[in-house]
Number of protein chains: 2
Amino acid sequence: MTVFAAEQQFHDAERPLPSHQARLACRAGLAETTAGVAPGFVQGNLAILPEKYAAAFHRFCQLNPKPCPIVGMSDVGNPMIPSLGIDLDIRTDLPRYRVWRDGELVEEPTDIVAHWRDDLVAFVIGCSFSFEEALLADDIPIRHIEEKVRVPMYRTNIPCEPAGPFSGPMVVSMRPLKPKDAIRAIQVTSRFPSVHGAPVHIGLPQSIGIADIAKPDYGDPVPIGPDELPVFWACGVTPQAVIAAAKVPFAITHAPGLMLVTDLKNKHLAVL
Amino acid sequence: MTVFAAEQQFHDAERPLPSHQARLACRAGLAETTAGVAPGFVQGNLAILPEKYAAAFHRFCQLNPKPCPIVGMSDVGNPMIPSLGIDLDIRTDLPRYRVWRDGELVEEPTDIVAHWRDDLVAFVIGCSFSFEEALLADDIPIRHIEEKVRVPMYRTNIPCEPAGPFSGPMVVSMRPLKPKDAIRAIQVTSRFPSVHGAPVHIGLPQSIGIADIAKPDYGDPVPIGPDELPVFWACGVTPQAVIAAAKVPFAITHAPGLMLVTDLKNKHLAVL
């Protein structure tokens, strides 16, 4: 990838990139979170599937680019993803993983060396951290960050396009914004199609199947002021929910909030 | 202007542009409206002021580009505006004008030849017709066009930046849209900053001082569905309201809905 090549060009082995340092900390078992780690660098959701299911999942992502924007993927059986980072080993470079069997969460290890197989394919999917950085840089306040809680997320009645065993509703994240900021946020996030892009809904939660905005299906509730509208973005929890629902025999994902830190830069994802 | 030069290059004196034909029809007293006339060509609001007030009004437009985007202006005392169109004579080329004295509407003539003075400056200000064309081209339905009425417009509590005698609240136009279409409409109209650009508000009319959405201050009311949000754009009626409120001794504007048809093309106004 061009972006990565540019990073590599300036890479100094004696002074690794902050993103590389973050991955090395994960590998050494020293990382507890990736929130706030290596500012400016793209963090991603992880989904690992056996080759048998990978093609259908890849097609699912292709059909549903807003919740499932792929920022990188591995070759079959190869745990290294050089297009996303120097020396990046997907088996060790996240703080914590979730191992799924038949749709059940069975283990939350800090590495997956023992679980790696020659038939696994890793998908790295864009994450809202990237566009939140752009919103904050544009002076748009983000409620759940102010309140130091997780972003509220909701299952909607918006169906994803199915592919093979993968199907289900889109999960969305919600940020309350004043209307003027909401309009600006639509402009800002439209520049970042590879990290969920523009919102999928604004203002009328019931019309996308959200019965009670105070009760998110994932994450934490946040207050919405009388002068604010709830703004909804497609969320990277969608592919995880879809993988769990598909009850595939084996899958690995990242643990919530503990992401893959890549050497890509958020600002380089902007299309304009 | 580059755009105009491009038009001129292809200009054939035997077959005038549709926009030029429209102006010639006005000049001959044959035009009753400009709605739907010369599709694809930019139509503009007109404001003519004595040189004594023109500098302050120009500054007002500069300070308030969303309601008052200038697409062209004349030299002092010169009724021709070649940058906006071939053979364009601002005194004759609109269907109908409004003549104002001390803030009072005193006459609605079909030309202003008798009113023209050596100290007058004409301002042509972008109009929502241009972005409505882009919305319709993007398959976004526009309620007041469907209902064959005038767009509803409202005085807001959003103050314009004052300049000299010119001050007052922003006037906005409203189009009800489904949330998904509203998000798309924000993207589409963001491409057209010279014709009001992105909306200034969405969803909460009371927070911009609109007490009753069913009672517009100008134009006609339109129904808003339970699955729709009202979306508000800065409106070219703002400068007219501001000129009337300033009670300048003499001013001329276009009559509502009877605009100047220019040789500029709407699509060429898109910044992206």
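Each value in this text was obtained by applying a stated rule to the coordinates, not by laboratory testing. Only a predicted model underlies this, so the values are computations on that prediction, with no experimental measurement involved. No Cβ is skipped: glycine too gets one built from the backbone with ideal geometry, and neighbour counts run over all protein chains shown.
What is the sum of charges around residue B:81, taking Lys and Arg as +1, Asp and Glu as -1, for the other residues whose C-beta is under 12 Å from the C-beta of residue B:81? Result for the local shell: -3.
If the chain linking residue B:245 and residue B:191 were pulled fully straight, counting 0.36 nm for each residue of separation and taking away their Cα-Cα distance, it would gain 16.3 nm.
Each peptide among B:114-126, A:228-240 gets the average number of other Cβ atoms lying within 10 Å of its residues, and from highest to lowest they stand as A:228-240, B:114-126. Counting neighbouring beta carbons within 10 Å and listing from fewest to most, the residues B:178, B:267 come out as B:267, B:178.
Taking Lys and Arg as +1 and Asp and Glu as -1, the other residues whose beta-carbon sits under 14 Å from that of residue A:55 total -1. Between copies, the label points at residue B:206 (set 7 angstrom from Cα along Cα-to-Cβ) are spaced 1.7 nm, reported in nanometres from shortest to longest. The mean number of Cβ atoms from other chains found within 10 Å of a Cβ in peptide B:197-205 is 5, as a whole number.
Projecting the Cα atoms of A:202, A:156, A:145 onto the charge dipole of the stretch A:129-238 (Cβ charges, centred on the Cα centre) puts A:156 farthest toward the positive pole. Judged by a Cβ-Cβ distance under 4.7 Å, the unpaired cysteines of chain A are A:26, A:127, A:160, A:235.
If only the Cβ of Lys and Arg carry +1 and only the Cβ of Asp and Glu carry -1, the dipole of the stretch A:154-209 around its Cα centre is close to 280 debye. The fewest-to-most ranking of A:71, A:200 by surrounding Cβ atoms within 10 Å reads A:200, A:71.
Each of residue A:59 and residue B:147 was given a label point 7 Å from its Cα along the Cα-to-Cβ line. The distance between the two points is 4.6 nm. Label positions at residue B:35 and residue A:227, each projected 7 Å from the Cα along the C-beta direction, are separated by 3.6 nm. Within a straight-line Cα-Cα reach of under 30 Å, residue A:178 can be paired with the following lysines, leaving aside sequence neighbours fewer than 8 residues apart in one chain: A:66, A:148, A:215, A:265, A:267, B:66, B:178, B:180, B:215.
With its label point defined 7 Å out from Cα along the Cα-to-Cβ axis, residue B:220 lies at 5.2 nm from the matching points of the other copies, in increasing order.
Peptide packing: for A:134-146, B:155-167, the average count of neighbouring Cβ atoms within 10 Å per residue gives the ranking B:155-167, A:134-146, highest mean first. Across the protein assembly as shown, Cα-Cα pairs more than 39 Å apart make up 40 percent of the total. Taking 7 Å steps out from each Cα toward its Cβ at residue B:119 and residue A:105 produces label points 7.8 nm apart.
With label points set 7 Å from Cα along Cα→Cβ, the inter-copy distances at residue A:165 are 7.8 nm, sorted shortest first.
Subtracting the Cα-Cα distance of residue B:52 and residue B:212 from their residue separation scaled by 0.36 nm leaves 53.8 nm. Of the residues A:20, A:174, A:65, the one whose Cα sits farthest toward the positive end of the charge dipole of the protein assembly as shown, with +1 on the Cβ of Lys and Arg and -1 on the Cβ of Asp and Glu, is A:174. For the stretch B:129-238, the calculated P(r) over all alpha carbon pairs, in 10 Å bins from 0 to the bin holding the longest distance, is 15, 49, 31, 5, 0 percent.
This model, with +1 at the C-beta of Lys and Arg and -1 at the C-beta of Asp and Glu, gives the protein assembly as shown a dipole about its Cα centre of some 420 debye.
Cβ-Cβ distance of residue A:161 and residue B:28, R₀ of 56 Å, FRET efficiency by 1/(1 + (r/R0)^6): the value works out to about 0.50. Here the dipole of the stretch B:129-238 is about 120 debye; that uses its Cα centre as origin and unit charges on the Cβ of Lys and Arg (positive) and Asp and Glu (negative).
Summary of packing: across the peptides B:189-198, A:213-222, the per-residue average of other C-beta atoms within 10 Å ranks them, highest first, as B:189-198, A:213-222. Each Lys or Arg adds one and each Asp or Glu subtracts one; over the other residues with Cβ under 12 Å from the Cβ of residue A:110, this totals -1.
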